[in-house]
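Let me begin by presenting the structure, written as structure tokens, before commenting on it.
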Amino acid sequence: MRAQSLAGRESRLIAGLTAWVAAALSAEYAWLHARSTEVLYGAICGEGPLAHCAACYAAPMLALAGAGLLAPEGLKALRAVAGR
């Protein structure tokens with residue numbers, strides 16, 4: 001069986017949803033890391049001498065990347081529903 005290549009629309013949808021899942025996982029890790037540093041050092045990461053962890057930066061960036069990938073498809077769906 002030959003593998004079919006995905007169209008641009010399906011690729012954007014998969015990439016956008018994957019970015020949102022990665023953003024959710026990064027946000028969860030950042031929250032857990034902040035709580036553990038609070039227990040250990042009395043401050044959350046990014047506060048005082050503690051630097052932010054990579055997950056603190058990755059979560060919003062991945063969420064924005066996912067939104068950017070999904071926005072064109074969402075606009076097309078809204079236009080289709082609106083009758084344009």
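The values are calculated or read from the model by the stated rules, or taken from the named source; none is laboratory data. Because the structure is a prediction, the values reported are computed rather than measured. Using ideal geometry, Cβ is built from the backbone for each residue, glycine included, and neighbour counts are taken over all protein chains shown. Ligands, DNA and RNA are stripped out before the accessible areas are found, and what is left, the full protein with its side chains, is counted by its heavy atoms. Shrake-Rupley method; radii C 1.70, N 1.55, O 1.52, S 1.80 Å.
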Fill in: Long-range neighbours under 8 Å by Cβ, at least six apart or interchain, first residue closer than 20 Å to residue 19 by Cβ within region 70-84, second open to solvent by 80 Å² or more (accessible area, probe 1.4 Å)
70/12; 70/13; 70/17; 70/20; 72/12; 73/9; 73/12; 73/13
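To keep it simple, each residue is scored yes or no on (1) part of a loop (DSSP other than H, G, I, E, B); (2) in contact with a Leu (Cβ under 8 Å, 6 or more places away or on another chain); (3) open to solvent by 50 Å² or more (accessible area, probe 1.4 Å).
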position: 43; (1), (2), (3): yes, yes, no
position: 63; (1), (2), (3): no, no, no
position: 67; (1), (2), (3): no, no, no
position: 75; (1), (2), (3): no, no, yes
position: 80; (1), (2), (3): no, no, yes
Worksheet item: Considering 19, 15, 34, which residue is more than 18 Å from the chain's Cα centre (by Cα) and open to solvent by less than 90 Å² (accessible area, probe 1.4 Å)?
Response: 34
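Select from region 45-61 the residues that are open to solvent by 50 Å² or more (accessible area, probe 1.4 Å) and either without any contact (Cβ under 8 Å) to a residue 12 or more places away in the chain or hydrophobic (A, V, I, L, M, F, W, C) (or both) and list them in ascending order. Before the answer, list the steps.
Pass one, region 45-61, residues open to solvent by 50 Å² or more (accessible area, probe 1.4 Å): 47-49, 51-52, 54, 57, 60-61.
Result: 47, 48, 49, 51, 52, 54, 57, 61.
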Worksheet item: Quick one: which of 10, 28 is at pLDDT below 90, out of contact with any His (no Cβ under 9 Å at 6 or more places or on another chain), surrounded by 10 or more Cβ atoms within 10 Å (Cβ to Cβ) and among the acidic types (Asp, Glu)?
Response: 10
